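J.: First the structure, then my questions, so here it is.
What follows is calculated from the coordinates using simple rules that are stated; it is not laboratory data. No experiment lies behind these values; they were computed from the predicted model shown. Neighbour counts run over all protein chains shown; Cβ positions are idealised from the backbone, glycine included.
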Amino acid sequence: MTRNNIDMTIYQNYLKDTCLLIKELALEAKQQAQEHGSDFSVGYMAGFHRIVSLMQQQAEAFDIPLEEIGLDEIDADEDLV
């Protein structure tokens, strides 16, 4: 493997791991918002809605399949409202 391929693999792994963690945190935020209903918990969930939505939009703009970054099984407009 060349250095460029190794670097690309590192970036791909970083992006996928980060997206999976964001998705996990977002779904936890939704659960907290449903349980507590406080302004803070609802706002916290709304922040994740924006992040997940933006990351999915950017992936589409760069022709990156959502499956490759771990954001394929979440719909911000359905799962985070």
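J.: Over the chain, what relative contact order in percent results from Cα pairs under 8 Å that are six or more residues apart?
T.: Details: 60 pairs, mean separation 31.2, N = 81.
Relative contact order here is 39 percent.
J.: Which listed residue (Phe40, Leu54, Leu27) has the Cα farthest towards the positive end of the charge dipole for segment 25-81, taking +1 on Lys and Arg C-beta and -1 on Asp and Glu C-beta about the Cα centre?
T.: Phe40
J.: Rounding to the nearest 10 and keeping the result within 0 to 90°, find how far the Cα-based axis of helix 3-36 lies from the longest principal axis of the chain.
T.: Helix 3-36 sits roughly 10 degrees off the main axis of the chain.
J.: I've got another one for you. Largest first and to the nearest Å, give the Cα extent of segment 7-53 along each principal axis.
T.: Cα extents, longest axis first: 43, 15, 12 Å.
J.: While we're on this one: Which value in deg cm²/dmol, rounded to the nearest 500, describes the helix-derived mean residue ellipticity at 222 nm for the chain, given -39,500 (n - 2.57) per DSSP H run of n ≥ 4 and division by the residue count? Before the final figure, lay out the partial values.
T.: Numbers: 4 runs with 65 residues, N = 81.
It lands at -26500 deg cm²/dmol.
J.: Which chymotrypsin sites (Phe, Trp or Tyr not before Pro) in segment 1-65 sit in a loop by DSSP (not H, G, I, E or B) and have at most 10 other Cβ atoms within 10 Å of their own Cβ?
T.: Sites meeting the loop and neighbour criteria: Phe62.
J.: Report the Cα-based extents of the chain along its three principal axes, largest first, to the nearest Å.
T.: Computed over the chain, the largest-to-smallest principal extents equal 51, 19, 16 Å.
J.: If you fit an axis through the alpha-carbon atoms of helix 39-61 and take the longest principal axis of the Cα set of the chain, what angle between them do you get, 0 to 90°, nearest 10?
T.: 30
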